[in-house]
Amino acid sequence: MIISQIAFNVSGIILNEKKKDLICSRLNKRLRANNLSGFEEYCTLIQESTDERLQMVSALTTNVTSFYREKHHFYYLSKLIEDKFIEKIQNGEEFRVWSSACSSGEEAYSAAMTASKILMSLPCAKVKILGTDIDNNMLERSKAGIYSLEGKKNIPSGIFNEFCLEQKNQFTFKKEISDRLRFKSLNLIAEWPFRSKFHAIFCRNVAIYFDKMTREKLWSRLAQRLHVGGELYIGHSERISNPNMLGLRSVGLNSYKRVE
Ligand SMILES: C[S@@+](CC[C@H](N)C(=O)[O-])C[C@H]1O[C@@H](n2cnc3c(N)ncnc32)[C@H](O)[C@@H]1O
């Protein structure tokens with residue numbers, strides 16, 4: 001099927017035969033948006049248009065996320081700052097976190113609030129949270145940073161009161177949080193347009209859509225982007241089978257530390 005081949009080439013996502021009905025129902029809205037009457041015409045379009053290929057991936061991927069999802073990782077992140085990097089931060093080092101498949105941004109904002117809470121007594125601490133995703137529609141939502149009050153229930157109330165601003169039936173973030181965030185488009189299976197390293201990387205609930213080879217290459221590339229002592233957090237149904245070969249050590253639930 002041309003559609004699954006192109007989805008794989010563009011994003012690494014595996015769509016098997018069992019997902020055919022789901023694929024068709026998700027792509028029907030792309031057919032309507034392009035005024036097309038059938039999938040044959042749609043296959044021609046995606047072979048010609050880079051934009052539509054990205055729209056297709058956006059329609060096919062799952063963007064489910066929430067604030068403080070798999071909350072143990074935010075606890076590990078606060079311990080990482082407190083126990084390992086606080087002195088360096090006090091001495092002016094920028095603490096850098098990468099939310100590498102950030103969807104609509106909740107993971108990146110949760111990391112920013114976690115770091116800001118731990119560093120409350122150091123208002124000048126330099127903290128940079130980078131949120132990236134392949135889906136530009138999701139990045140627009142991340143950049144806007146406006147969420148329905150439904151999301152409030154997952155944010156500890158003390159943190160919500162400290163860093164969020166409620167407006168009618170929505171909320172957003174105080175400047176001290178949004179100033180620490182940047183959102184950019186990035187395809188995890190392509191070249192990454194930066195060389196910098198991070199103290200913590202979240203790569204959760206995206207590698208499950210890749211095949212084994214793509215997944216293992218991704219873990220290895222992410223490990224190389226961690227500072228020694230930095231941590232990688234992966235999704236609840238993901239696992240790194242050979243952490244020591246990558247210079248990683250398991251340090252908690254779906255969490256790995258760069259050791260060398
Ligand atoms: C289920 S969401 C995970 C969101 C968040 N990390 C979490 O765990 O709550 C998966 C995200 O991966 C993104 N994605 C899929 N393939 C990608 C790729 N090749 N590069 C970057 N992001 C990708 C999707 O657009 C989607 O937003």
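The values are calculated or read from the model by the stated rules, or taken from the named source; none is laboratory data. Keep in mind it's a predicted model, so treat the numbers as computed, not measured. Counting neighbours? That spans all protein chains shown, and the Cβs are built from the backbone with ideal geometry, glycine included. Ligands, DNA and RNA are excluded from the accessible area calculation, which covers all protein heavy atoms including side chains. Shrake-Rupley method; radii C 1.70, N 1.55, O 1.52, S 1.80 Å.
Using a 1.4 Å probe and counting only protein heavy atoms, arrange Val10, Val97, Val64 so the residue with the most accessible area comes first.
Val64, Val10, Val97
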(request) Give me the compactness ratio for segment 149-228, meaning the Cα radius of gyration over 2.2 N^0.38 Å. (result) 1.46
(message) Treating only the Cβ of Lys, Arg, Asp and Glu as charged (+1, +1, -1, -1), what charge dipole size does the chain show about its Cα centre? Round to the nearest 20 debye.
(response) 420 debye
(message) Counting C-alpha atoms alone, how compact is segment 26-65: give Rg to one decimal and Dmax as a whole number, in angstrom.
(response) 10.3, 33
(message) Would you work out the Kirkwood radius for segment 36-148? I mean one over the mean of 1/r across all pairs of different Cα atoms, in Å.
(response) 16.2 Å
(request) Report, largest value first, the span of the C-alpha coordinates of segment 121-260 along each principal axis, in whole Å. (result) 50, 36, 28
(request) Starting from the Cα of Asn187, step 7 Å along the direction of its Cβ; do the same at Lys217; then give the gap between the two resulting points in nm. (result) 1.2 nm
(request) Give the calculated FRET efficiency between Glu41 and Met1 to the nearest 0.05, with a Förster radius of 22 Å applied to their Cβ-Cβ distance. (result) 0.90
(message) Along the Cα→Cβ direction, 7 angstrom out, place labels at His236 and Leu22. What is the inter-label distance in nm?
(response) 1.7 nm
(request) Starting with the highest mean, order 68-78, 212-222, 36-46 by the number of other Cβ atoms within 10 Å, averaged over the residues of each peptide. (result) 68-78, 212-222, 36-46
(request) For segment 106-134 and segment 180-198, compute the distance between their C-alpha centroids and round to whole Å. (result) 16 Å
(message) With n ≥ 4 as the cut-off for DSSP H runs, can you work out [θ] at 222 nm for the chain, using -39500 (n - 2.57) per run divided by the number of residues, rounded to the nearest 500?
(response) -11500 deg cm²/dmol
(message) As a test of the definition: which semi-axes, in Å, follow for segment 2-60 when you take the square root of five times each eigenvalue of its alpha carbon gyration tensor? Largest first, please.
(response) 16, 14, 10
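Over the chain, consider all pairs of different Cα atoms and compute the Kirkwood hydrodynamic radius from their mean reciprocal separation; express it in Å, one decimal.
Hydrodynamic radius (Kirkwood, Cα pairs) of the chain is 19.4 Å.
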